[in-house]
Each structure stands twice: as C-alpha cells, then as structure tokens.
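S.K.: Before I ask anything, let me first share the structure, which is written out below as structure tokens.
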Amino acid sequence: MISVSVCIGTACHLNGANNVAMSFQHLIEEYKLHDKVSVVASFCEGTCSRNDVSVKIGEEKYAINAAEARSFFKEKVLPLVTE
C-alpha cells in the first residue's frame with residue numbers, strides 16, 4: 001500500500017491542507033484505489049517556508065497547493081499503483 005502523507009501543521013493547514021487531502025480522497029474513490037493508496041495526516045515535513053502544503057510519498061517530499069492536487073495525484077501517485 002502506498003501512503004501519501006499530507007502535513008496538517010499550522011502553516012500547511014492555513015495553506016489548504018484539508019483541500020489537498022480531500023482531493024486525494026476523492027481521487028482514491030474515483031479510481032477505486034482504496035486497497036492501494038492511503039492518505040495520512042502528518043506534521044511538519046520541512047517545507048513550511050513555502051506557500052504550499054507539504055506532501056510526502058515514501059522519502060520524496062513535495063510542496064503543492066490545492067489547485068495542483070489533482071494533477072499531482074495523477075502524475076506522482078497513479079504511476080506507483082500501475083507499476
């Protein structure tokens with residue numbers, strides 16, 4: 001199972017962490033990936049200085065905003081479950 005961590009610390013929360021997590025949840029439902037991908041909450045992933053939300057997949061860290069969540073999921077998460 002692939003775990004996608006979304007930071008819910010103060011800075012990320014203010015930058016739309018809930019919207020990012022909800023977008024990921026909707027995409028998991030849309031693609032029927034309940035048994036392959038999980039979204040978990042985390043605290044500071046180290047990219048709080050940006051105006052984005054910190055997301056971590058494995059050891060890779062990313063900074064995205066809510067508008068990018070759908071394309072990010074398609075580009076970074078979907079290829080991992082179709083390998």
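The values are calculated or read from the model by the stated rules, or taken from the named source; none is laboratory data. It should be emphasised that the depicted structure is a prediction, and the values quoted were computed from it without experimental measurement. All Cβ positions, glycine included, derive from the backbone under ideal geometry; neighbour counts span all protein chains shown. We work out accessible area using only protein heavy atoms, side chains counted, and drop any ligands, DNA or RNA first. Shrake-Rupley method; radii C 1.70, N 1.55, O 1.52, S 1.80 Å.
S.K.: Looking at region 1-45, which of its residues are farther than 15 Å from residue 79 by Cα, open to solvent by less than 30 Å² (accessible area, probe 1.4 Å) and out of contact with any Cys (no Cβ under 9 Å at 6 or more places or on another chain)?
M.R.: 5, 16, 21
S.K.: May I ask you to list the residues in region 46-68 that are of a type in the set (A, V, I, L, M), surrounded by 14 or more Cβ atoms within 10 Å (Cβ to Cβ) and more than 19 Å from residue 82 (Cα to Cα)?
M.R.: Answer for region 46-68, where residues must be of a type in the set (A, V, I, L, M), surrounded by 14 or more Cβ atoms within 10 Å (Cβ to Cβ) and more than 19 Å from residue 82 (Cα to Cα): 53, 55, 63, 64, 66.
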